[in-house]
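The next block holds one structure in the form of structure tokens; read it before the comments.
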Amino acid sequence: MPAVATQRVPHGFGAVARANSYFPIVISSYAVLYSIWWPFAWGLPGGIAFGAVVLLAVFFVARGIVQVRHAMSFPNDDTE
């Protein structure tokens, strides 16, 4: 169980954190879709690069899920 922060957060921090927390998931899916042509264009080097992109995307999606869950722990105040 993660440690609970005892510091106060600025007003609107929860809304901003929730708005930005899903970016790693979106960017990772874009990177995989963008790089899918590399094996066809470059053969084995492209396949290796595509594999690296997929591995990084899995890592970033897992990290993004953690960020989304963490952002949900903050109050959702309006930012006005």
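All of the numbers you see were taken from the coordinates with simple rules; none came from a lab. These numbers come from a predicted model, not from an experiment. Every residue, glycine as well, gets a Cβ built from its backbone with ideal geometry; the counts of neighbours run over all protein chains shown.
Local charge sum around SER21 (other residues, Cβ-Cβ under 11 Å, Lys/Arg +1, Asp/Glu -1)? Please list the in-between numbers first.
Numbers: positive: ARG18, ARG63, ARG69; negative: none.
The answer is +3.
Starting from 0.36 nm per residue, how many nanometres of slack lie between ALA19 and ILE36 once their C-alpha separation is accounted for?
That works out to 3.3 nm of additional length.
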